1. Quick one: is residue 96 in the same structural domain as residue 129 (by TED's automatic domain parsing), part of a strand (DSSP E or B) and modelled with pLDDT of 80 or more?
2. Based on what the data block shows, is residue 102 loosely packed, with under 10 Cβ neighbours inside 10 Å, in contact with a strand residue (DSSP E or B) (Cβ under 7 Å, 6 or more places away or on another chain) and modelled with pLDDT of 75 or more?
3. Could you look through the stretch 108-135, keep only residues that are outside any strand (DSSP E or B) and under 15 Å from residue 170 (Cβ atoms), and pick out the one that is farthest from the chain's Cα centre (by Cα)?
4. So if I check each of 164, 132, which one is over 15 Å from residue 92 (Cα atoms) and surrounded by 12 or more Cβ atoms within 10 Å (Cβ to Cβ)?
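The values are calculated or read from the model by the stated rules, or taken from the named source; none is laboratory data. Remember, predicted model here, so these are calculated numbers, not experimental data. Quick reminder, even Gly has a Cβ in these numbers, built from the backbone with ideal geometry, and neighbours come from all protein chains shown.
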């Protein structure tokens with residue numbers, strides 16, 4: 001067996017001898033209760049932060065289109081949405097319509113939805129427009145021939161209203 005030189009000590013000899021650990025009270029971290037109260041007071045911030053994190057997660061997990069950066073529209077989609085918007089704006093027109101019962105017109109307000117019914121001379125009736133929005137009710141007053149209202153309707157419905165207005169008596173029902 002090899003002999004150790006007096007300068008080299010065996011491993012672990014430099015550690016102090018073991019001793020008993022003294023008893024002490026548990027350590028308590030201050031401010032935990034204060035932070036909880038502050039979080040409750042600033043609930044809006046916490047909700048806003050939660051919503052922001054949720055939105056970011058949804059965007060990250062959303063569908064991916066090849067060749068397109070998410071969140072930035074391509075020129076093709078921008079043109080398509082603009083043409084759809086223009087097409088929608090062109091489809092809706094305002095149509096002045098004379099309603100045969102002036103007292104009924106006094107019940108109408110802008111924003112109301114009405115169905116327009118045409119009463120033919122032979123006693124038949126047909127619905128000319130459904131769910132038309134009242135744009136304006138002019139204060140021209142009711143006459144024996146009725147009263148005027150202005151409706152926002154699609155262009156095709158405006159054509160039917162103009163034709164029915166020339167040949168029939170028109171009435172409205174509130175939707």
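1. Yes; evaluated as a whole, the condition is true for this residue.
2. no
3. Among those that are outside any strand (DSSP E or B) and under 15 Å from residue 170 (Cβ atoms), it is 121.
4. Numbers: 132 fails: over 15 Å from residue 92 (Cα atoms).
Of 164, 132, the one residue that is over 15 Å from residue 92 (Cα atoms) and surrounded by 12 or more Cβ atoms within 10 Å (Cβ to Cβ) is 164.
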